[in-house]
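**Q** The structure that follows is given in the form of structure tokens.
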Amino acid sequence: MSDLQELYQSVILDHNRKPRNFGELPSASHQADGRNPLCGDEVHVALIVDEADTIVDVKFTGHGCAISKASASLMTAAVKGKSRSEAEELFSRFHALVLGQDPDEGKSLGQLVVFSGVSRFPVRVKCASLAWHTLKAALESGATDVVAVPAVSTE
Ligand code: ZN
């Protein structure tokens, strides 16, 4: 493993042990549940989106493997304070990264770059993208309904 991959690994383990923005968000305006049956990962993402379409707060709960928890933690840190369209743009870039299709391999994606190695482990792509699919479902729910995300595809 290269030094860079070791660094990325340690960031993922740190976010797994001490997830950021973990907990309930009782006044959520949008929320969704996501499941990755292949690995057993489950995540609940709750957001407060204001009238200007800014994600003013985001929290998650759930359980799963280290990659899925670290990804949810880093996702919440990445989208907090962003507009809905900025968050959707980040999701498409992150999705490309974990599929190994990001042209600069995540170098302009901040801390999310730690997931660049996931593309070499196809079974882990679903773990890494679960929280993002759930975020997208929450943003699209347009209400406080709890919606289940269908099995995440690797496409
Ligand atoms: Zn997993």
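The values are calculated or read from the model by the stated rules, or taken from the named source; none is laboratory data. Note that the structure is a prediction, hence the values are computed from the model and not measured. So basically every Cβ, Gly included, is an ideal-geometry build from the backbone, and we count neighbours across all protein chains shown. Just the protein is used for accessible areas: all its heavy atoms, side chains included, with ligands, DNA and RNA removed. Shrake-Rupley method; radii C 1.70, N 1.55, O 1.52, S 1.80 Å.
**Q** What do you get for the angle between helix 3-17 and the principal long axis of the chain? Use alpha-carbon atoms, 0 to 90 degrees, nearest ten.
**A** Helix 3-17 and the main axis of the chain meet at about 30 degrees.
**Q** Can you tell me the FRET efficiency between LEU38 and SER2 if r is taken as the Cβ-Cβ distance and R0 is 22 Å, rounded to the nearest 0.05? Each step should come with its number before you reach the end.
**A** On the way: r = 28 Å, r/R0 = 1.26.
Once rounded, the FRET efficiency stands at 0.20.
**Q** Next up: Pop out the carbon and sulfur fraction of the accessible area of the chain as a percent, whole number, probe 1.4 Å.
**A** Taking all protein chains in place, the chain shows 52 percent carbon and sulfur surface.
**Q** From Cα coordinates alone, what are the radius of gyration and Dmax values for the chain in angstrom?
**A** Cα-based Rg and Dmax for the chain come out at 14.3, 46 Å.
**Q** Between SER141 and SER108, with labels modelled 7 Å along Cα→Cβ, what's the label distance in nm to one decimal, could you check?
**A** Label-label distance for SER141 and SER108, simple model: 3.3 nm.
**Q** Accessible area per residue of the chain at 1.4 Å probe, in Å²? Walk me through the numbers on the way to the answer.
**A** Values: 7530 Å² over 155 residues.
That works out to 49 Å² for each residue.
**Q** Return the loop-located GluC sites (Glu not before Pro) in segment 1-90 (DSSP other than H, G, I, E, B) with at most 13 other Cβ atoms within 10 Å of their own Cβ; answer none if there are none.
**A** Those satisfying the criteria are GLU24, GLU51.
**Q** Quick one: angle between helix 66-79 and the longest Cα principal axis of the chain, in degrees between 0 and 90, rounded to 10, please.
**A** Taking the Cα atoms of the chain, the angle to 66-79 is about 60 degrees.
**Q** Based solely on its DSSP helices, what 222 nm [θ] is calculated for the chain when runs of n ≥ 4 H residues each add -39,500 (n - 2.57) and the sum is averaged over all residues, nearest 500 deg cm²/dmol?
**A** Computed mean residue ellipticity for the chain: -13500 deg cm²/dmol.
**Q** Now for a different question. Over 22 Å between C-alpha atoms is what I'm after, so list which of LYS59/LYS136; LYS80/LYS136; LYS69/LYS126; LYS18/LYS136 land there. Please report the intermediate quantities before stating the final value.
**A** Values: LYS59/LYS136 14 Å; LYS80/LYS136 14 Å; LYS69/LYS126 12 Å; LYS18/LYS136 24 Å.
Exceeds cut-off: LYS18/LYS136.
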